[in-house]
Structure formats: C-alpha cells, structure tokens
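In what follows, a single structure is set out as structure tokens and then discussed.
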Amino acid sequence: QVQLVEFGGGLVQAGGSLRLSCVASGFVFSINTMGWYRQAPGKQRELVARISSGGTTNYADSVKGRFTIPRDNSKNTVYLEMNSLKAEDTAVYYCNNPRGGVNYWGKGTLVTVSS
C-alpha cells in the first residue's frame, strides 16, 4: 500500500526558511520520480518541484532560486527546502508520486507565511 506522509509545515515569517519532508512507503522509492505540489486557497493545485530517480529537477518559475528538492533514497524521503519565503507561498503542500499513469498523494501539510 502506497503511503506518502508529509512533515514540517507551519507558520514562518516572510523571508524565513522551512524544510518539508515526505516519507514514502509501499513502492521502490529509489527508481521513482517524486514531486511537491501546492494548493493555495481558491486556487488550483500546482507543481512546485519535481525530482527524477536520476536526480534531474524541475521547478516552477515562481520558486526557482528559492526552493530545492533533494532526496535521500536511503531514507525513502524527499524534501522541499524553502528559502526566502513570501506570503504568496502560503498553501497546503502535497507530496506526489506519479507512477503507472496514477498520481499518488500525501494528505498535505500547511505552510503559512506571514508578511
């Protein structure tokens, strides 16, 4: 059974940093692409960052230069390191694993950036 569990959300001031973690189980983590999405109130869910099994990364333009998405295959964990946070980064952040035409999701973790 696939499980994606996010940790690390919370309240942070603008300009601050936060690190999210997603612990995965139920599939072979090391050979899978992993991603982070977010959904702000009243908006559609959007891709924030993605990392392939080989380490290739993609970022939304809005977070380039501020966020990074490392992974630790020994811990079945993908991270989202967020720096220089802005009020517009406030959202529920979801861990994602796209596999076999299906998107698997965590339950999300709320990040609130106060200005």
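The values are calculated or read from the model by the stated rules, or taken from the named source; none is laboratory data. Keep in mind the model is a prediction, meaning the values are calculated, not measured. Positions of Cβ are generated from backbone atoms using ideal geometry, with glycine treated the same way; all protein chains shown enter the neighbour counts. Accessible surface areas use protein heavy atoms only, side chains included; no ligands, DNA or RNA. Shrake-Rupley method; radii C 1.70, N 1.55, O 1.52, S 1.80 Å.
Details
- None of 9, 101, 35, 55 is within 25 Å of residue 115 (Cβ to Cβ) and of a type outside the set (A, V, I, L, M) except 9.
- Meets criteria (among the small types (Gly, Ala, Ser) and at pLDDT 95 or above) for residue 115: no
- The conditions of being under 13 Å from the mean Cα position of the chain (by Cα) and either open to solvent by less than 70 Å² (accessible area, probe 1.4 Å) or under 18 Å from residue 8 (Cβ atoms) (or both) are not met by residue 76.
- Residue match in region 67-88 (condition: out of contact with any Gly (no Cβ under 7 Å at 6 or more places or on another chain) and free of Cβ contacts under 8 Å to residues at least 12 places away in the same chain): yes
- Extreme residue, nearest to residue 15 (Cα to Cα), among residues of region 90-115 that are among the hydroxyl-bearing types (Ser, Thr, Tyr) and part of a strand (DSSP E or B): 114
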